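A quick write-up on the structure given underneath.
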Amino acid sequence: MSVNTVRFAVGVLGIFGWSLTLSSATQVGLSDKVLVFPYETDFSFVALIPQKEMGLRAFTLCMRVATELPEERQIILFAYRTADYDELNVWREQDGRISFYMSGDGTFYHLPPLTTFRTSLCLTWESRTGLAAFWVEGKRSTYQVYKPGHTIRPKGTVLLGQDPDKHLGGLEAVQSFVGEMTDLNMWDFVLSRSMIQAWHYGHKVPKGNIFDWGTMEYELNGNVMVVDDD
């Protein structure tokens, strides 16, 4: 990854009025590794560098996640923000529902709870129809129609572990992710049911063309640990 890309990520964070500095050099690839966020903090996060610009009219986002945080605790699972908008944020809400937001009001789903045991979680959305669904352990939720015709804007910053909220002027520990995350992949199209189920069972699927866990470029900040997936 070029130095310019790293500087761009820092610059975008600076737009939000923060004095954040990425504390480590860009690293590549997380095959057979797990990200561990051991503590509630307002400074620990992982910045992800996409393989292509994230101007999106469709996507599939998958990850495996585990947490022991109580259900009434809000948790940010994935955050992509440009200077003025939360382009794509995935949350566990205080009432236990899973939600995602794209530049405004979100859409909410009653899904099996996240627990200390790893959950495979995927999200699909496409702009043409607005059809959106979560997939838990390879099983699809009910479709919801959410923001048909919308386009996710490029040139933002993706963080794991924290919600970059401009209006609060910084990061909030009470929204931070605590737990384990692995096998995060993202595509700029909607994977078929069979492909999502194959990913869930660990079978070979097309590599994510936005994020591929095995080759992903990332930067660690704070107390995030990279450990073997055993």
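Highest GNM mean-square fluctuation, the chain, Cα pairs closer than 10 Å: which of Y80, Y201, Y109?
The residue with the greatest mean-square fluctuation here is Y201.
If you place +1 on the Cβ of every Lys and Arg and -1 on the Cβ of every Asp and Glu, how big does the dipole about the Cα centre of the chain come out, in debye to the nearest 20? Can you show the working numbers first?
Numbers: 20 positive and 27 negative charges, 182 e Å.
The calculation lands at about 880 debye.
Trypsin sites (Lys or Arg not before Pro), restricted to the stretch 90-130: which are DSSP loop and have at most 12 other Cβ atoms within 10 Å?
Numbers: sites: R92, R97, R118, R128; in loops: R97, R118, R128.
Sparse-neighbourhood loop trypsin sites (Lys or Arg not before Pro): R128.
Among residues other than P112 whose Cβ falls under 10 Å from its Cβ, what is the net charge (Lys/Arg +1, Asp/Glu -1)? Let's see the in-between values first.
Numbers: positive: K139; negative: E137.
Charge balance near P112 sits at 0.
GNM on the chain, C-alpha springs below 10 Å: top fluctuator among E53, E217, E180?
Of E53, E217, E180, the Gaussian network model singles out E53 as fluctuating most.
At 1.4 Å probe size, with every protein chain present, just tell me what the per residue accessible area of the stretch 101-188 comes to in Å². Working shown, then result.
Numbers: 3670 Å² over 88 residues.
Roughly 42 Å² per residue, with all protein chains present.
Just one of [x] 6; [y] 33; [z] 20 is percent of Cα pairs over 34 Å apart calculated from these coordinates, so which is it?
Correct label, based on the coordinates given: [x].
Give the relative contact order (percent, whole number) for the chain; include only Cα pairs under 8 Å separated by 6+ residues. Don't jump to the answer; show the numbers that get you there.
Numbers: 558 pairs, mean separation 83.7, N = 230.
Relative contact order of the chain: 36 percent.
What FRET efficiency, computed as 1/(1 + (r/R0)^6) with R0 = 30 Å and r the Cβ-Cβ distance, is obtained for D228 and S194, rounded to the nearest 0.05? Before the final figure, lay out each step's value.
On the way: r = 30 Å, r/R0 = 1.00.
Plugging the Cβ-Cβ distance into 1/(1 + (r/R0)^6) gives 0.50.
Would you mind calculating the relative contact order of the stretch 118-230 from Cα pairs under 8 angstrom and at least 6 residues apart, reporting the percent as a whole number? Don't jump to the answer; show the numbers that get you there.
Working: 117 pairs, mean separation 21.4, N = 113.
In percent, rounded to a whole number, it is 19.
For the chain, set up a Gaussian network in which alpha carbons nearer than 10 Å are linked by springs, and say which option among T182, T41, T215 fluctuates the most.
Checking each option, the largest mean-square fluctuation is seen for T215.
Quote the relative contact order of the stretch 89-173 in percent (integer), defining contacts as alpha-carbon pairs under 8 Å separated by 6+ residues. Can you show the working numbers first?
Working: 108 pairs, mean separation 13.7, N = 85.
In percent, rounded to a whole number, it is 16.
How large is ³J(HN,Hα) for each residue in the stretch 113-125, as worked out from phi by the Karplus curve 6.51 cos²θ - 1.76 cosθ + 1.60 (θ = phi - 60°), to whole Hz, x for Gly and Pro?
Rounded to whole hertz, the list is x, 6, 9, 5, 8, 4, 10, 8, 10, 10, 9, 10, 7.
Note the count of lysine pairs whose C-alpha atoms are less than 21 angstrom apart in the chain, limited to pairs 8 or more residues apart or on different chains.
Details: K33/K204; K33/K207; K52/K155; K52/K207; K139/K204; K139/K207; K147/K155; K155/K166.
Count of close lysine pairs: 8.
Between T115 and K52, what length comes free when the chain is fully extended (0.36 nm per residue of separation minus the Cα-Cα distance, one decimal in nm)?
Values: separation 63, 0.36 × 63 = 22.68 nm, distance 3.24 nm.
Stretched out fully, the T115 to K52 stretch lengthens by 19.4 nm.
Give me a comma-separated list of calculated 3J(HN,Hα) values for the stretch 48-56, in order, Karplus coefficients 6.51, -1.76, 1.60 applied at θ = phi - 60°, integers in Hz, x for any Gly or Pro.
The phi angles translate into 9, 10, x, 6, 8, 4, 9, x, 10 Hz.
The values are calculated or read from the model by the stated rules, or taken from the named source; none is laboratory data. Note that the structure is predicted; figures quoted are calculated from it, not measured. Note that we place each Cβ from the backbone using ideal geometry, even for glycine, and neighbour counts take in every protein chain shown. We work out accessible area using only protein heavy atoms, side chains counted, and drop any ligands, DNA or RNA first. Shrake-Rupley method; radii C 1.70, N 1.55, O 1.52, S 1.80 Å.
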